Amino acid sequence: MGIVKEMHLVEDLHNVNSKPTRDGYGEALLILGETNPKVVVMDADLAKSTRTVWFREKFPEKFIDMGIAEQDMLATAGGLALGGMIPFCSTYGVFVAGRAWDQIRTTICYGEFNVKIGGMHGGISVGPDGATHQSLEEVPLMRVLPGMTVFSPTDAIEGRKVALFAAEHIGPTYIRYGREAVPIITTEETPFNPWKAEVYRTGDDVAIIAAGTLVYEGLLAAEELAKEGIEARVINCHTIKPMDIETIVNAAKECGAIVTAEEHSVIGGLGGAVAEVICQHYPVPMRIIGIEDRFGESGEPEELMKAFGMSAENIIKNVKEVLDMKE
Amino acid sequence: MPMKYSKKELDKICIELRKDIVTMLNKAGSGHAGGSLGSVEILVSLYWNVIKHNPKNPEWEERDYFILSKGHVCPAWYAVLARRGYFSREELWTLRKFGSILQGHPHHLKTPGVEASTGSLGQGLSISNGIAMAMRFQNKPNRVYCLLGDGEVQEGAVWEAGMTAAHYKLDNICATIDRNMLQIDGITEEVMGLENLEEKWRAFNWHVINVDGHNVEELTKAYDEAMTVKGKPTMVIAKTVKGKGVSFIENQVDWHGKAPNDEEYKKAMAELEEAERRLG
């Protein structure tokens, strides 16, 4: 029981560096600018924020600023893909998954065009900008689309690995990034298999299945729970679609109880996706941690995360509740 | 550039295509008669005189691209593609039926010669811009053609795309607006006025050409002119009659999304055959 060595996570969870996951997107694009001649980067007037400004400075000829016009950006990306390029569309999650949804649905997904979407500012930790800019709804909007692959990386390193993989993968891809600096828990050596949910900590009492920065909170929660004799399995489910059914079902079978955690609405996100798998393959008691059915609000990221239950404490509370249900 | 096909040859083909269209719609029992009949000369000018294409190899590297942004008039496009040899004419009679390669709105994964899936209005011009940019990135001379409806231009995203094409000086794009003055709910100028359409596109920094959308010579000339324009995209505003060629469908709002029943079908075919005889 405990942290899985082969995952090569940081040595001390209480002494970690932090970085926004969106930095990983910007770093990956810089690499792709050198290595993949088909990659072009599109942005809708948010280049600094989406970190595409790094690419723009180095490869201005392959950078397309679309102005504040997300619908045009996404359908244009479809045409670029049709013409043989690999476009990375970059803006905030609300503006792309919301405003340009029909372009993503009909032009990109129905047409099976090879378009990549970097959706920034997912989650409540966006902070002071408030509800208009805090995207809590992209996951169901994107995963309902046939052919769409949906990633939610846990830290900046994984965020880079995901974007690099997206350029190799053929098909529409959505990557959910965050604004705020969050703990870097993986290392360069941490294996990244896009089609696998990774078990970061073993345990047979309960499974904590998390995505994004909640993986870190899940590991902290598991550490505390172990002191009380509760062994929690912690799974980084960075790929929300297609879901690694085998790993999720094994967790249900071997642990008998599941708690999901994500910085997203409790409706239709990672929790919903896991529930769809569990209820059909191996029903066990389950709790979904996320933003309850409501919009966010302004505040400092840290206080919002706490207020909205995006914490190890809340995971521990839910684990205990689900263990009661199990018995 | 001279016409590859004479006006008389093409006018004859247009009538043949109109017969195909009413037959397809009658067999399907649904579909968009008005816009399909009205856009025939535009499509024929492009596919017989202008566009570089290879029906035996739809993915030909050197092809020009055509995007039907007003996807609902695909019966006309399908009839054109069949007659040019992309697929058998027999397929036309399966339009809108389960398992058909001819979907109710164009889907490029089903139909040879169809480049993108359209039907949700307001996306085709952006798709065209993307292709035009991709050609430029790869230093390819391929051109991009796009057909929009006039009602479709009410979609805000069309104007976003209008800005993009002009901003990036995409002179490898030539779009056409099928200006038939009608949309589902009525006359465009009563539903949501578009005029002055020409001045709007000029103000968006496009090269604009006005033509009679049923005159294949004028249309071909406009597309030839577009090829000579540098630093700007071209918009051809083609004045058309919705339902052209079948008297009781012409200019009738109610025929936007309707198919002829058996009696109407016979009447339409008789009119078209008469027109064919007159043409000689």
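Things worth noting here:
- Other protein chain C-beta atoms within 10 Å of residue C-beta, averaged over A:103-113: 5.
- Largest first, the three principal axis extents of the alpha carbons in the protein assembly as shown are 95, 51, 45 Å in whole numbers.
- A:K5/A:H281 FRET efficiency (R0 35 Å; Cβ-Cβ; nearest 0.05): 0.75
- Heavy atoms of B:E155: accessible area, 1.4 Å probe, square angstrom to 10: 80 Å²
- Over chain A, equivalent-ellipsoid semi-axes from the Cα gyration tensor in Å: 32, 19, 19
- For chain B, the equivalent ellipsoid derived from the Cα gyration tensor has semi-axes of 28, 21, 18 Å, listed largest first.
- A simple spin-label model places the labels of A:K196 and B:K56 4.9 nm from each other, with each point 7 Å out along Cα-to-Cβ.
- Residue with peak Gaussian network fluctuation, chain A [Cα springs, cutoff 10 Å], from A:G159, A:G299, A:G212: A:G299
- Most positive-pole-ward Cα, B:S100, B:S128, B:N54, against dipole of region B:9-144 from beta carbon charges: B:S100
- Debye log10 I(q)/I(0) for region B:201-280, one point scatterer per Cα, at q = 0.13, 0.22 Å⁻¹: -0.60, -0.99
- Take every pair of alpha-carbon atoms less than 8 Å apart whose residues are at least six positions apart; their mean separation over the length of region B:58-160 yields a relative contact order of 36 percent.
- For A:I86, the residues whose amide H sits under 5 Å from its own are A:V39, A:V40, ignoring neighbours fewer than 5 places away on the same chain, with H placed 1.01 Å from N.
- If only the Cβ of Lys and Arg carry +1 and only the Cβ of Asp and Glu carry -1, the dipole of region B:7-279 around its Cα centre is close to 760 debye.
- ³J(HN,Hα) computed for each position of region B:251-257 - Karplus, 6.51 cos²θ - 1.76 cosθ + 1.60, integer Hz, glycine/proline x: 6, 9, 3, 5, 8, 4, x
- Judged by the mean number of other Cβ atoms found within 10 Å, the most tightly packed of the peptides B:21-29, B:168-176, A:282-290 leads the ranking B:168-176, B:21-29, A:282-290.
- Remark: chain B carries 39 Å² of accessible area per residue (probe radius 1.4 Å; ligands, DNA and RNA excluded).
- For region A:95-116 versus region B:45-116, the inter-centroid distance based on Cα atoms is 23 Å.
- Per-peptide average of other Cβ atoms within 10 Å, ordering B:73-80, A:166-173, B:95-102 highest first: B:73-80, A:166-173, B:95-102
- Semi-axes of the equivalent ellipsoid of region A:103-157 are 24, 13, 9 Å, computed as sqrt(5λ) over the eigenvalues of the C-alpha gyration tensor in descending order.
- Size-normalised alpha-carbon gyration radius of region A:19-183, reference 2.2 N^0.38 Å: 0.91
- Bridge type composition, the protein assembly as shown - antiparallel percent by DSSP, nearest 5: 15 percent
- Shielding score for B:129-142, defined as the mean number of other chain Cβ atoms within 10 Å: 6
- Under a 5 Å amide H cut-off, with hydrogens placed 1.01 Å from N, A:G130 pairs with A:G299 among residues at least 5 apart or on other chains.
- 20 Å reach of a label modelled at A:S18, 7 Å along Cα-to-Cβ, counting backbone N of region A:131-167: A:131, A:134-135, A:153-160
- Cα pair count fraction exceeding 25 Å, expressed as % - region B:127-248: 24 percent
- Residues losing 50 Å² or more accessible surface upon assembly, region B:154-172, compared with the chain by itself, 1.4 Å: B:E160, B:Y168
- Relative contact order of region A:19-183, defined on C-alpha pairs under 8 angstrom at six or more residues apart (%): 30 percent
- Assuming charge only on the beta carbon of Lys and Arg (+1) and of Asp and Glu (-1), the dipole of the protein assembly as shown about its Cα centre is about 2320 debye to the nearest 20.
- Among the GluC sites (Glu not before Pro) found in region A:173-239, those both in a DSSP coil and sparsely packed, with 14 or fewer other Cβ atoms within 10 Å of their Cβ, are A:E188, A:E189, A:E228.
- Its residue count N fixes a reference of 2.2 N^0.38 Å for region B:1-104, and the Cα radius of gyration divided by that reference is 1.05.
- Solution diffusion estimate, µm²/s, Stokes-Einstein, region A:217-301, Kirkwood Rh from C-alpha pairs, 20 °C, viscosity 1.002 mPa s: 154 µm²/s
- Average other protein chain Cβ within 10 Å of Cβ, residues A:56-67: 2
- Applying a DSSP loop filter and a limit of 12 other Cβ atoms within 10 Å to the GluC sites (Glu not before Pro) in region A:9-80 leaves A:E11.
- 5 angstrom amide H check on B:V208, placed H, neighbours 5+ away: B:M235
- Most simply put, region B:100-238 has about 10% antiparallel DSSP beta bridges, counting only bridges with both residues inside it.
- Eligible lysines near B:K140 by straight Cα distance, threshold 20 Å, same-chain separation 8 or greater: A:K38, A:K62, B:K52, B:K169, B:K230, B:K232
- Accessible carbon and sulfur surface of the protein assembly as shown relative to its total accessible area, %, 1.4 Å: 51 percent
- Taking every alpha-carbon pair under 8 Å whose residues sit at least 6 apart, region B:134-280 reaches a relative contact order of 24 percent.
- A convex hull fitted around the alpha carbon atoms of region A:1-65 yields 131 Å³ per residue.
- Label positions at A:A307 and B:R278, each projected 7 Å from the Cα along the C-beta direction, are separated by 7.4 nm.
The values are calculated or read from the model by the stated rules, or taken from the named source; none is laboratory data. Nothing here was measured: the structure is a model prediction, and the numbers come from that model. Virtual Cβ from ideal backbone geometry, glycine too; neighbours counted across all protein chains shown. Note: accessible area is taken over every heavy atom of the protein model, side chains too, but ligands, DNA and RNA are not part of it. Shrake-Rupley method; radii C 1.70, N 1.55, O 1.52, S 1.80 Å.
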